[in-house]
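Worksheet: the structure to be examined is printed underneath.
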Amino acid sequence: MNNATSRTSHRTEIIGEALPRLIEGENFVNDFLARPVNASDRDWVKSFVRSHWGSEIIVAKGRVIRAAELDGFAVFKGKNPVGLVTYRIEGRDCEIVTIDSTAQGEGIGTALIDAVKEEAKAKGCRRLGLITTNDNLSALGFYQKRGFRLIALYPNAIEASRKLKPQIPMKAANGIPIRDELELELELSG
């Protein structure tokens, strides 16, 4: 294998119903392991969610969700968690509730989305959806590069969300007022 190939192809093992697969990634520099979250992970999952979301609860479309109680996948480097996605399946829809990594550009987020996508397909889901906010420009780009499409805008939805979760700031770190929810989806095929 030449250096160019070794920089862009790394084996990711996904334990569970999603099968091991080779992921072609941009800027992959390290091997990592993605695996389903299990009961023994719940304490660090709560802490990880709290550190990235300011609370253990998530609010989307007027619903309070306890992300640490959901199914999920985690990416590890060695024994340290560096990425986490939580999701829920309702009927033929799979919704990503949270997705976070400690480093950008290493393929962690892509591996997490791929793991959920494979699990959703295995469970017979037809779509993979998620909610983000208007200020999260990097996430909007990230999702669209991976095939997600913007399907709905919920103007001023965050005003109602703040009543359920007062920790939601008025402005993001980038200075953009946090006001609206945006819904994205990826259609899944067999």
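Every number in this text was worked out from the coordinates using simple rules, so none of it is lab data. Treat the numbers as computed from the prediction; the structure is a model and nothing was measured.
Quick check on my link table: of Lys61/Lys171; Lys46/Lys121; Lys46/Lys165; Lys145/Lys165, which ones sit more than 24 Å apart, alpha carbon to alpha carbon? Don't skip to the end; give the middle numbers.
Numbers: Lys61/Lys171 19 Å; Lys46/Lys121 27 Å; Lys46/Lys165 16 Å; Lys145/Lys165 30 Å.
Lys46/Lys121; Lys145/Lys165, as the Cα separations exceed 24 Å there.
Consider just the alpha-carbon atoms of region 95-190 and return their Rg together with their Dmax, both in angstrom.
Both quantities, over Cα of region 95-190: 14.3, 41 Å.
Any idea how far the Cα center of region 159-190 sits from the one of region 126-144, in Å?
That distance is 10 Å.
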